[in-house]
Amino acid sequence: MIYYQTYGHAASQAVVLLHSGGMAGEEWQPQIPVLAQRYRVLVPDLPGHGKSPLDSERLTISLMADAVLEMLDAEGIREANFCGSSMGGAVALWLTLKHPERVKRLALYRISYRSNTDIHAQVHSMADPAYWENFGLAAWLSKLHSPQGGTDAWKQVIARVGDALHATGSEHAHRLHDLAAITCPVLIITGDRDPIAPLTDACEMYHTIPDADLWIIPHAAHITASNTWRAPAFAEELRRFYSRSAKHAGS
């Protein structure tokens with residue numbers, strides 16, 4: 001069983017927040033208080049991240065999705081709202097396509113519907129420890145992922161993410177035709193300069209998914225500051241999306 005935390009009221013609708021690759025549930029700390037006012041919020045560390053062990057030789061999208069389903073079953077939750085960030089978005093999209101009965105609404109944050117050589121080149125660059133050291137995050141990641149095997153375990157964690165989202169052989173390799181079958185409401189969130197979730201892909205998804213909203217964050221690359229000055233707007237937009245009841249309804 002993966003490690004996870006719960007917030008809010010047990011009788012409320014469930015919201016599951018799935019973190020990005022190399023991160024853990026702590027990624028969602030700015031959004032949790034706002035969402036917990038109205039929802040039952042579940043925040044896991046996905047396998048091979050934070051406090052959740054990886055009981056496999058390889059990190060895969062389906063392995064992470066199965067762990068999330070196990071968490072939902074343990075909590076007695078049949079259907080939940082989801083928000084997935086980057087790699088977590090790939091997991092949430094997999095769940096929506098493979099287990100649509102478990103997903104009430106889906107927010108996809110900074111993730112395309114596929115991986116290709118250009119996208120994976122960007123993901124691969126983020127698997128280099130120097131990338132995180134340049135942002136001054138190495139010490140924080142070392143502490144976050146020390147349960148995975150010590151102070152240097154974080155380097156293996158980020159390497160696994162590149163493998164899970166590889167341009168060839170990854171399970172994150174959907175077609176637009178697949179997305180056309182999604183029946184739940186979907187909110188697509190991307191920065192206008194995000195090389196991992198290209199704006200062209202986001203627009204294709206928006207035009208293909210039958211009930212889709214599109215939120216383009218201006219002047220934002222893959223690091224979109226949703227955990228700093230944009231955090232209040234991000235949380236409120238999620239809450240608005242989860243509360244809307246009809247296709248294209250206003251708020």
Report task. Answer with yes or no whether residue 10 is out of contact with any helix residue (DSSP H, G or I) (no Cβ under 8 Å at 6 or more places or on another chain) and farther than 18 Å from residue 110 by Cβ. Result -> yes
Report task. Pull up segment 216-251, narrow it to residues that are at pLDDT below 90, among the charged types (D, E, K, R) and farther than 25 Å from residue 122 by Cβ, then point me to the one that is nearest to the chain's Cα centre (by Cα). Result -> 244
**Report entry** Test: residue 138 is free of Cβ contacts under 8 Å to residues at least 60 places away in the same chain, of a type outside the set (S, T, N, Q), open to solvent by less than 30 Å² (accessible area, probe 1.4 Å) and under 26 Å from residue 25 (Cβ atoms)
**Finding:** yes
Query raised in the report: Any chance segment 18-28 includes a residue that's among the polar types (S, T, N, Q) and either assigned to a helix (DSSP H, G or I) or out of contact with any Gly (no Cβ under 7 Å at 6 or more places or on another chain) (or both)?
Result: no
Requested in this report: Of all residues in segment 78-119, count the ones that are part of a helix (DSSP H, G or I), out of contact with any Phe, Trp or Tyr (no Cβ under 8 Å at 6 or more places or on another chain) and either without any contact (Cβ under 8 Å) to a residue 40 or more places away in the chain or surrounded by fewer than 20 Cβ atoms within 10 Å (Cβ to Cβ) (or both).
Outcome: 7
Report summary line: Of 62, 52, the only residue that is open to solvent by less than 10 Å² (accessible area, probe 1.4 Å), among the hydroxyl-bearing types (Ser, Thr, Tyr), at pLDDT 95 or above and more than 18 Å from residue 104 (Cβ to Cβ) is 52
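The values are calculated or read from the model by the stated rules, or taken from the named source; none is laboratory data. Owing to the predicted nature of the structure, the values given are computational and were not obtained by experimental measurement. Virtual Cβ from ideal backbone geometry, glycine too; neighbours counted across all protein chains shown. Side chains included, ligands, DNA and RNA excluded: accessible areas come from the protein's heavy atoms. Shrake-Rupley method; radii C 1.70, N 1.55, O 1.52, S 1.80 Å.
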